[in-house]
Amino acid sequence: MGSLTCCNMQEWGEETLLSLSFGETARLKASEQTGGDKTMENRPICDAHVHIFPEKLYNAIYEWFSSRGWHILFRMPPEKKREFLQEMGVRKAFLLVYAHKPGIAGDLNRWLRDFSAASGGFFYPFGCLHPQDRDMGGIVEKALGEFDFCGFKLQLLVNRVRADDERLFRAYEELLERQKGVVIHATTYPVEEEFLGVKYIEKILNRYPGLKLLVPHMGLYEHHIYEELLREYRGLYLDTAFIFGNKRFPAPLGELKEMMLRFPDRILYGSDFPILDHDPREAIRAIKGFQLGEENERRIFWENAQEFINLRL
Ligand SMILES: [Zn+2]
């Protein structure tokens, strides 16, 4: 098994992204790239954590990871990625894009609107913004108003800001006003940075207690604190992205299973597809292997996602 050998931020052109270095990993065989798997078909699945970008931007991300030793398995056009998900039994997906630098959110959000519209309702779009965007108000208004996105995705690891950065307040206030949600990568998993951490999420929840907030990666490695917050804040949810079926980042699986049993109505299945060096079907199998019970599985794989979109607090 490979190991996390490096977790510093490094330059990606003029931008920064996380840098991880892995050993060998198996590539998906070409015959497995089509997704079809009969075992997944008997349950409707909503994948609450999917990243599809315009092809040029995704290829740059792919090359960036590949040049640092990752073996990202999925490189196909955006439409093929949707087909892959559908063939593995995914019926709906949260489509999360993020802006890695200021000035691109407008174009990226327009692309997201068009791509989602062409998917015939398969994708629930979550737009992007960058804390340094000058026209923050305009971007927020357009994304939540004219484009009617389900909410925003904030990638704080890439943006290098804290969740309680006041430049983000405008977005939080509009989200709250419109009862839409925000997905915030704020966890110290898989990479720790000083501007990540549950303490900043707690400040936001304190300030905006009714905010619908989805935190990826089940809140690792601060999941015990997230459990307390789940009890306190009804709008807080967690997703399972990148954890299950992922042999490279060992996680406390037993503890996470117990958490799923304690909060089956607050945890959403998500994969992180296609920025993965493991097969998302492995994640589904791993969760299914917990034998959480039919009702809990239905909540985690489907209903909680619908609820997150539609919840009125
Ligand atoms: Zn992600």
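The values are calculated or read from the model by the stated rules, or taken from the named source; none is laboratory data. The model shown is predicted, which means the values in this text are computed figures rather than measured ones. With ideal geometry, Cβ positions are generated from the backbone for all residues, glycine too; neighbour counts draw on all protein chains shown.
What the table below lists for this structure:
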item	result
PHE195 surrounded by fewer than 20 Cβ atoms within 10 Å (Cβ to Cβ), over 27 Å from GLU146 (Cα atoms) and either among the polar types (S, T, N, Q) or in contact (Cβ under 8 Å) with a residue 60 or more places away in the chain (or both)	no
Residue selected from segment 244-286 under the condition β-branched (Val, Ile, Thr) and within 20 Å of THR188 (Cβ to Cβ), by the criterion surrounded by the most Cβ atoms within 10 Å (Cβ to Cβ)	ILE267
In segment 45-63, residue nearest to the chain's Cα centre (by Cα) [restricted to those that are among the aromatic types (Phe, Trp, Tyr) and crowded, with 20+ Cβ neighbours inside 10 Å]	PHE53
Residues being of a type in the set (Asp, Glu), part of a loop (DSSP other than H, G, I, E, B) and farther than 22 Å from TYR221 by Cβ - total across segment 243-301	2
Boolean, LEU213 is within 16 Å of the ligand (Cβ to nearest atom), of a type in the set (A, V, I, L, M) and within 16 Å of the chain's Cα centre (by Cα)	yes
Odd one out for GLU303, checked against (1) away from the ligand (no atom under 16 Å from the Cβ); (2) crowded, with 24+ Cβ neighbours inside 10 Å; (3) not aliphatic (A, V, I, L, M)	(2)
Residue satisfying all of: in segment 85-105; assigned to a strand (DSSP E or B) and more than 16 Å from the ligand (Cβ to nearest atom); farthest from PHE126 (Cα to Cα) among these	ARG91
Residue list for segment 138-173, filter: among the charged types (D, E, K, R) and crowded, with 20+ Cβ neighbours inside 10 Å	LYS153, ARG162
Count - residues of segment 246-272 that are among the aromatic types (Phe, Trp, Tyr) and modelled with pLDDT under 95	1
Enumeration of residues in segment 235-288 that are more than 16 Å from the ligand (Cβ to nearest atom), in contact with a His (Cβ under 8 Å, 6 or more places away or on another chain) and over 23 Å from ILE201 (Cβ atoms)	LYS247
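A quick yes/no check of all residues on (1) touching a His at 6+ places or on another chain (Cβ under 6 Å); (2) among the acidic types (Asp, Glu):
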residue	(1), (2)
GLU79	no, yes
GLU87	no, yes
ALA93	no, no
ALA99	yes, no
LEU112	no, no
PHE115	no, no
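Yes/no matrix, rows are residues, columns are (1) under 22 Å from PRO250 (Cβ atoms); (2) touching a Lys or Arg at 6+ places or on another chain (Cβ under 6 Å); (3) at pLDDT 95 or above:
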site	(1), (2), (3)
ILE275	yes, no, no
HIS278	yes, no, no
PHE290	yes, yes, yes
GLY293	no, no, yes
ARG298	no, no, yes
ALA305	no, no, yes
